[in-house]
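*Asks:* Got a structure for you, questions after.
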Amino acid sequence: MIIRKSAGELDKMRRSGRILAATIDRVLAAVEPGMTTLDLDRIAAAYIREQGATPSFLGYKGFPASICASLNSEIVHGIPSRDRVVREGDVLSLDFGAIWEGFHSDSAVTVFVGAPPSDDAKRLVETTQAALDAAIAVIRPGGRLSDIGHAIEQVAIAQGIGVVREYGGHGIGRAMHEDPFIQNWGSAGRGPEMKPGLVIAVEPMLNLGGDETRQLEDGWTVVTADGSLSAHFEHTIAVTPDGHEVLTAR
C-alpha cells in the first residue's frame, strides 16, 4: 500500500533529510587515501547522533554498521570495516540513512578517492548523477512511477552503461522501505500515478559493464558479476502540488 504523507509528517522528513545532507558533507570532507571505511562509518554515526537523529541502517535486518560503503565493483550494501582501506583512484559509493522523530531519509553518493582512475570511470559516475537528475525532473503530480525508471535507463543507454535491474528505489517514511518499488528501467507512462504526499527514494545504480549482479558471502555486499566498476546516487524526494522537493538536497 502506498502511504502519502501529511504536512506534519513531511516537515519531519525535511528535518531528517537536512540532517542526512549535512552528514554526507561531513563524511565527504573527511575522505582521503589511507582511511578505512569504518572510519567513515564512525564519522557519519557520530554526526547523525549529534543532531538528535538515529542511523537508519544500524541493525536493519542485522546490518552491522551505520552507513554502506561500497568500493569499485561493489554496487551497494558494502559493510564498513577496519580492514577496508580506501586508496587513491578508488570509486567509493556511500549510502546514508537517518531517522528523525520516527521518519527516515535515505541518500547516496559516489565519489573518487583522489583523481578518477580512468576516463571511463569518470563517465560512469557523471552518467549516474545525470540519471538521478533526469529521474528527479519527471517527478510531478500526474506522472507515472515508471517515468522515473524510463528516464534513468535512457540516460544510461545513451552512454552504453549497464542498469542494475535487481535493485531499485522505494517509498520511504516511517519505514525505510515502503511501497512502491521503483525500478531503474522500463517504459514510461505505466504504474501508479504520482500524487502530492508521496515520498520516494530514487537511486540509480549503473555499471560500466553488464547489468548482472551477485551477492558476496557476507550476505550483504552486492557486486557486479563481471567485475566492472559501479556507481550509485540517491535522493529522498517528495511529490508536491506543483512538482517535487528533494528532501536530501545538499
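The values are calculated or read from the model by the stated rules, or taken from the named source; none is laboratory data. Given the structure is predicted, the values throughout are model-derived calculations rather than measurements. Cβ placement follows ideal geometry from the backbone for every residue including glycine, while neighbour counts extend to all protein chains displayed. The area values use the complete protein model at the heavy-atom level, side chains included, leaving out ligands, DNA and RNA. Shrake-Rupley method; radii C 1.70, N 1.55, O 1.52, S 1.80 Å.
*Asks:* Can you find even one residue in segment 71-86 that is open to solvent by 30 Å² or more (accessible area, probe 1.4 Å) and not in a loop (DSSP other than H, G, I, E, B)?
*Replies:* yes
*Asks:* Still on this structure, please answer the following. With the checklist (1) open to solvent by 60 Å² or more (accessible area, probe 1.4 Å); (2) touching a strand residue (DSSP E or B) at 6+ places or on another chain (Cβ under 8 Å) in hand, flag the one item Leu58 doesn't pass.
*Replies:* For Leu58, the exception is condition (2).
*Asks:* If I go through segment 136-171 residue by residue, how many of them are within 9 Å of Asn184 (Cα to Cα), in a helix (DSSP H, G or I) and open to solvent by less than 10 Å² (accessible area, probe 1.4 Å)?
*Replies:* 3
*Asks:* Same structure again: Show the residue pairs that are 6+ apart or on different chains and have beta-carbon atoms under 7 Å apart, the first residue being within segment 206-217 and open to solvent by 30 Å² or more (accessible area, probe 1.4 Å), the second being of a type in the set (Lys, Arg) and part of a loop (DSSP other than H, G, I, E, B).
*Replies:* Close Cβ pairs (under 7 Å, with a partner that is of a type in the set (Lys, Arg) and part of a loop (DSSP other than H, G, I, E, B)) amount to Asp211/Arg165.
*Asks:* From the list Gly227, Gly197, exactly one residue is more than 27 Å from Arg144 (Cβ to Cβ), in a loop (DSSP other than H, G, I, E, B) and at pLDDT 95 or above. Which is it?
*Replies:* Going through Gly227, Gly197 in turn, just one is more than 27 Å from Arg144 (Cβ to Cβ), in a loop (DSSP other than H, G, I, E, B) and at pLDDT 95 or above: Gly227.
*Asks:* For Thr37, indicate whether it is open to solvent by less than 10 Å² (accessible area, probe 1.4 Å) and touching a Ser or Thr at 6+ places or on another chain (Cβ under 7 Å).
*Replies:* Criteria met by Thr37.
*Asks:* Would a scan of segment 1-23 turn up a residue that is among the β-branched types (Val, Ile, Thr), open to solvent by 60 Å² or more (accessible area, probe 1.4 Å) and over 19 Å from the mean Cα position of the chain (by Cα)?
*Replies:* Yes, the conditions are met somewhere in segment 1-23.
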